[in-house]
1. Can you tell me how many residues within the stretch 68-126 are small (G, A, S) and more than 18 Å from T37 (Cα to Cα)?
2. Please enumerate the residues belonging to the stretch 95-117 that are within 14 Å of the ligand (Cβ to nearest atom), surrounded by 14 or more Cβ atoms within 10 Å (Cβ to Cβ) and not in a strand (DSSP E or B).
3. The conditions are (1) surrounded by 15 or more Cβ atoms within 10 Å (Cβ to Cβ); (2) more than 16 Å from the ligand (Cβ to nearest atom), and P80 fails exactly one of them. Which is it?
4. What are the residues in the stretch 54-76 that are away from the ligand (no atom under 14 Å from the Cβ) and in contact (Cβ under 8 Å) with a residue 40 or more places away in the chain, if any?
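The values are calculated or read from the model by the stated rules, or taken from the named source; none is laboratory data. A quick note: this is a predicted structure, and the numbers were derived from the prediction, not measured. All Cβ positions, even for glycine, are placed from backbone atoms using ideal geometry, and neighbour counts span all protein chains on display.
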Amino acid sequence: MRSFWKSGALIGALAGLALVLAACTSGGGGSGGNTITAKKGGFAFEPATITVPANQPVTLTFKNPDTQIHDWRVRGTGLPEEPTLYAEPGKQETKTFTFPKPGEYVIYCSLPGHEASGMVGKLIVK
Ligand SMILES: [Cu+2]
C-alpha cells in the first residue's frame, strides 16, 4: 500500500515536470509562432510584413500552397547566412532565427522572376 502510493507520487511528479518542459519549448521566442504563406496563384507573401523581436529566437513557418517552388529570404541582416525558408509546392518549412540588429529588411523570393513580379515583403526587427 505504502510503496504503491510512493510510485504514484513519483509518476505525478514526472508528469508535472514533462508539462513544465513542454510549456518551455512551445513558448519559444516569446512572440510565438509566425506563419507566412505564399499566395496561391500569385507572387506574394501573406502577410507581406512581419515584425519580430531583436536578439531573441523567433520561430517562423513558411507554407507554400502554390503550384510552384517559393522561398522566403531576408536581405541585408548581416548574418553569415541569409535567413531562408524554402518550400516546394504543398510543403512548408519551419526554422528558428535570431535577428541581431533592429531595423527594416527586405524579404524576397529568390526564384527566377519572382521578386520582379512583386514577391517581396518587409521584416521589421525591433
Ligand atoms: Cu516565389
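1. 5
2. Those that are within 14 Å of the ligand (Cβ to nearest atom), surrounded by 14 or more Cβ atoms within 10 Å (Cβ to Cβ) and not in a strand (DSSP E or B): C109, S110, L111, H114, E115.
3. So P80 meets the others, but not (1).
4. Passing the criteria: A54, N55, Q56, P57, V58, V74.
Here's the yes/no breakdown for (1) modelled with pLDDT of 95 or more; (2) in contact with a Phe, Trp or Tyr (Cβ under 7 Å, 6 or more places away or on another chain):
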{"residue": "F4", "(1), (2)": "no, no"}
{"residue": "A23", "(1), (2)": "no, no"}
{"residue": "G33", "(1), (2)": "no, no"}
{"residue": "I36", "(1), (2)": "yes, yes"}
{"residue": "K40", "(1), (2)": "yes, no"}
{"residue": "P47", "(1), (2)": "yes, no"}
{"residue": "Q56", "(1), (2)": "yes, no"}
{"residue": "I69", "(1), (2)": "yes, no"}
{"residue": "W72", "(1), (2)": "yes, yes"}
